[in-house]
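The structure appears right after this line, and notes come after that.
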Amino acid sequence: MLRFFRKTIFLELLGHPFTTKELFLRCNCMGYFGYRDNTGDDKTADSPAKRLKMAGPLIGTHNGHFHADEALAVYLLRLLPTYRNASLVRTRDPEKLRGCHTVVDVGGTYDDASKRYDHHQREFTTTFPGRNTKLSSAGLVYMHFGKAIIAQHTGLAVDSEDVRILYEKLYDDMIEAFD
């Protein structure tokens, strides 16, 4: 269930409301800001226990200032069991990005088959079905993984009518604002 109050988005999913500010805090708790800076020297050498915990697929995004779209894209991915323990690499180095399982908001490529979700190409025109707004990296991730995320967290079948309705409603009332 989605509600808007004074330009703050409240998302109630399974009875747990959170604001957009809390979304960024949740991203932080899930390791978005506690990243390994792969710009040369690794100042954040992780303990063996942390490396084991973060043994999921590697997600890549750009370094420098974070933006809402890639923060949300990483958060959405980490809602899925496949990405729950995924590590995050923040770099613009194409060689390092090549080693990532999934890359969002960097790399100059949008290709779902190779798990690349960048929207910065001049020729990029992809929109959510039936909408006119060009997608951000969060919108691309949501378009490809949104139904699975909703099904995972509600216990509904991914192809159910309720999942389709929630998928459309969440895009309309929240995700499109990031695009």
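The values are calculated or read from the model by the stated rules, or taken from the named source; none is laboratory data. What you are looking at is a predicted structure, and each value in this text was computed from that prediction instead of being measured. A quick note on method: Cβ atoms are made from the backbone with ideal geometry, for glycine too, and the neighbour counts reach across all protein chains shown. Keep in mind that these areas ignore ligands, DNA and RNA; they rest on the heavy atoms of the full protein, side chains included. Shrake-Rupley method; radii C 1.70, N 1.55, O 1.52, S 1.80 Å.
Report the residue count in segment 110-134 for those that are assigned to a loop (DSSP other than H, G, I, E, B) and either of a type in the set (A, V, I, L, M) or open to solvent by 60 Å² or more (accessible area, probe 1.4 Å) (or both).
7
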Inside segment 59-84, can you point out the residues that are of a type in the set (Val, Ile, Thr) and more than 15 Å from residue 146 (Cβ to Cβ)? 59, 61
If a residue has to be of a type in the set (Val, Ile, Thr) and surrounded by 13 or more Cβ atoms within 10 Å (Cβ to Cβ) to count, how many in segment 157-173 make the cut? 2
Quick check on segment 73-108: of everything there that is among the aliphatic types (A, V, I, L, M) and either in a loop (DSSP other than H, G, I, E, B) or touching a Leu at 6+ places or on another chain (Cβ under 7 Å) (or both), which residue is surrounded by the fewest Cβ atoms within 10 Å (Cβ to Cβ)? 80
Pairs, first under 24 Å from residue 142 (Cβ atoms) and without any contact (Cβ under 8 Å) to a residue 24 or more places away in the chain in segment 89-112, second outside any loop (DSSP other than H, G, I, E, B) and open to solvent by 10 Å² or more (accessible area, probe 1.4 Å), C-beta under 8 Å, six or more apart: 109/116
Filter segment 144-179 down to residues that are in a helix (DSSP H, G or I), in contact with a strand residue (DSSP E or B) (Cβ under 9 Å, 6 or more places away or on another chain) and closer than 24 Å to residue 102 by Cα, then give me how many there are. 6
